[in-house]
1. Output the number of residues of the range 47-85 satisfying the condition of being of a type outside the set (A, V, I, L, M, F, W, C), in contact (Cβ under 8 Å) with a residue 12 or more places away in the chain and within 21 Å of residue 106 (Cα to Cα).
2. Please state which of the following conditions residue 72 fails to meet, knowing it meets all the rest: (1) surrounded by 12 or more Cβ atoms within 10 Å (Cβ to Cβ); (2) at pLDDT below 90.
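The values are calculated or read from the model by the stated rules, or taken from the named source; none is laboratory data. Fair warning: this is a prediction, and the values are worked out from it, not measured in the lab. Cβ atoms come from the backbone with ideal geometry, glycine included; neighbour counts cover every protein chain shown.
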Amino acid sequence: MPENAKKISFAKCGEDSTCGTSREREAAYSGSKKEMTCVVCPTGCVLTITLNADKSVKSVTGNACGRGVIYAENECVRPMRTLTTTAALANGRMLPVRTDRAVPRDTLIDCMREINRKIVAPTAKIYDIIIENVADTGANVVAAANGSDCA
Ligand code: SF4
């Protein structure tokens, strides 16, 4: 490294509470408090959640509306995510797909296993159901594009 080169150091994700890579960053609180950004609407309220000993939600502050409380409770009990990924088309191309509703975050790997096994007809149209009830979540995997448009 040249003598006058500036040394840049990067904090590991999670060391810095302002880390933008994790919406669920936990602030430097004790185990009874959490901080997370509500992503239900673009306002992005920063929620401070106080937990009971059993990790259930005791109180939520920082929310501008009641949806923030529901979001915080879901995130603490069983976080949900809409899965977006690609599935293989029979012609070797990849089709963008997504779940038609949020699925429990702890089922994402099972969902991906099913999607990775699936070979989709290139005639698939946007919103076609590619997999019904993926990983027993109740959600369907749907095409997010027309197969004929996939490069
Ligand atoms: S708490 Fe309400 S206003 Fe704030 S980000 Fe969530 S949904 Fe939007």
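1. Here the count works out to 11.
2. Failed condition: (2).
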